[in-house]
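These notes are about the structure you will find just below.
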Amino acid sequence: MRKYFKVSDDFFSIMQSYLPTIKSYKHISTGWTNFVFIAKAKNGKFVFRFPRNHFFSEALEKECQFLAEFNNSFPDAKVPQIKLLNFKGRPFSVYPYINGKPLSQCKLSKRNKKRLAEDVLCFLNQLGQFSPTMKLERTSQFLRRLAKVSGEGDYDLKKHLALIKAEGRGLVLTHGDLNPGNILISKGRVVCIFDFAFVSYSSKLDDIARLIGRLGEDYFDYFAKQFKSVYGTDLSRKQIDDLISVWDYVEQKYVQYIKAKHPDIVLPSKFS
């Protein structure tokens with residue numbers, strides 16, 4: 001049975017079956033793993049996500065289960081209150097819309113770059129101390145499975161070696177996909193962190209490397225200073241660069257897959 005959604009699905013009718021008072025909706029065409037819609041209804045605005053394939057259908061279910069646990073332990077955490085729904089055996093999710101702007105669309109001042117590092121590392125430290133009851137794999141194991149979706153037969157798993165080596169130095173719970181599109185900013189502060197489909201155990205450097213790799217190397221100093229304040233040790237530039245190379249390769253292969261299989265997705269300019 002198909003557990004995912006297609007471009008041809010009647011998303012409005014599906015959303016309306018859950019939220020009958022929908023007045024209008026907008027498709028967010030930048031969603032890599034899900035069809036994403038913002039719907040306006042009488043009782044507010046909501047974000048709906050519909051997985052694009054079986055792999056991300058399972059990841060969405062995992063994410064919703066994880067966030068339910070995490071929110072119970074940290075009710076004030078900067079994460080969305082997601083509800084898992086189902087349409088004819090296919091899972092999808094909804095959560096109340098949160099005001100803000102994706103970090104990927106923000107130009108930050110030096111002061112706000114410092115604030116970003118503070119907010120992100122405070123959250124990662126909180127996340128790293130959480131012990132979920134659900135079983136989660138390592139990020140390297142998750143990426144090995146993702147490679148079967150996006151690799152199309154020529155994926156080089158040796159490109160993951162730097163990540164596997166970093167995981168060997170110690171594991172903490174990590175977001176797993178901390179890119180600027182998954183961080184919401186308002187008035188210069190982080191107000192929400194989204195998309196925990198990749199949540200897994202990995203090196204505490206992994207999320208930081210993922211973010212710096214997308215934002216640019218000038219952010220390293222801001223994160224290095226805050227990292228020492230939070231963890232009491234220096235942030236290794238070499239280890240960060242090694243992990244950035246892993247994520248660059250993962251993105252390169254996944255972008256190839258998107259262009260071939262999901263041409264409706266609008267990619268960031270750096271990947272176009």
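Any read-out appearing in this document is the output of simple, stated calculations on the displayed coordinates, not a laboratory observation. Because the structure is a prediction, the values reported are computed rather than measured. In this analysis, Cβ positions are derived from the backbone assuming ideal geometry, glycine residues included, and neighbour counts consider all displayed protein chains.
Using the Cβ atoms and a cut-off under 10 Å, what net charge is assigned to the surroundings of Gly213, where Lys and Arg are +1 and Asp and Glu are -1? Mind dumping the intermediate values first?
Details: positive: Arg210, Arg214; negative: Glu217, Asp241, Asp248, Glu251.
So the surrounding residues net to -2.
Quick check: residue separation of Lys135 and Lys228 times 0.36 nm, minus the Cα distance between them. What number comes out in nm?
Details: separation 93, 0.36 × 93 = 33.48 nm, distance 3.03 nm.
Extra length from Lys135 to Lys228 when fully extended: 30.5 nm.
So which aspartates and glutamates pass the test for Lys228, namely a Cα distance under 13 Å, with those fewer than 8 places away in the same chain ruled out?
Excluding near neighbours in sequence, the set is Glu118.
What is the order of Met134, Met15, Met1, fewest Cβ neighbours within 10 Å to most? Working shown, then result.
Details: Met134 10, Met15 22, Met1 5.
Ordered from fewest to most neighbouring Cβ atoms within 10 Å, Met134, Met15, Met1 come out as Met1, Met134, Met15.
Assuming a ≥ b ≥ c are the square roots of the Cα gyration tensor eigenvalues, decide whether region 181-272 counts as rounded (a/c under 1.5), prolate (otherwise, with a/b larger than b/c) or oblate.
Values: a/c = 2.03, a/b = 1.55, b/c = 1.31.
The shape class here is prolate.
What's the center-to-center distance, using Cα atoms, between region 129-147 and region 4-80 in Å?
22
Taking the Cβ of Gly232 as the center, what net charge do the other residues with Cβ under 15 Å away carry, scoring Lys and Arg +1 and Asp and Glu -1?
Numbers: positive: Lys204, Lys225, Lys228; negative: Asp234.
Charge balance near Gly232 sits at +2.
Please give the calculated 222 nm ellipticity per residue for the chain, where each DSSP H segment of at least 4 residues contributes -39500 (n - 2.57) and the sum is spread over every residue; nearest 500 deg cm²/dmol?
Details: 8 runs with 113 residues, N = 272.
Helix contribution divided over all residues of the chain: -13500 deg cm²/dmol.
Return Phe271, Phe35 ranked ascending by Cβ neighbour count within 10 Å, so the fewest neighbours appear first.
Values: Phe271 14, Phe35 23.
Sorted ascending by nearby Cβ count, the order is Phe271, Phe35.
Which is farthest toward the positive dipole end of the chain among Ser73, Tyr25, Pro102, measuring Cα position about the Cα centre, with Cβ charges +1 (Lys, Arg) and -1 (Asp, Glu)?
Looking along the dipole axis, the top candidate is Tyr25.
Between [x] 53, 44, 39; [y] 56, 53, 34; [z] 69, 66, 30, which matches Cα extents along the principal axes in Å calculated for the structure shown?
Step by step, Cα extents along the principal axes in Å for this structure corresponds to label [x].
Quick one: Karplus J couplings for region 44-60, per residue in order, coefficients 6.51, -1.76, 1.60, θ = phi - 60°, nearest Hz, x for Gly and Pro?
x, 10, 9, 10, 10, 10, 10, x, 8, 8, 4, 4, 7, 5, 5, 5, 5
Rounded to the nearest 5, what is the percent of antiparallel bridges among the DSSP beta bridges in region 121-213?
90
Using the 10 angstrom Cβ neighbour count as an exposure proxy, how do Lys270, Lys165 rank, fewest first? Numbers along the way, then the final one.
On the way: Lys270 8, Lys165 14.
Exposure proxy ranking, most exposed first: Lys270, Lys165.
I want the antiparallel fraction of DSSP beta bridges within the chain, as a percent rounded to 5.
Working: 32 of 33 bridges.
DSSP beta bridges in the chain are roughly 95 percent antiparallel.
Sum up the charges of everything whose Cβ sits under 12 Å from the Cβ of Ser104, counting Lys and Arg as +1 and Asp and Glu as -1, but leave Ser104 out.
Details: positive: Lys101, Lys107, Arg214, Lys270; negative: none.
So the environment of Ser104 carries a net charge of +4.
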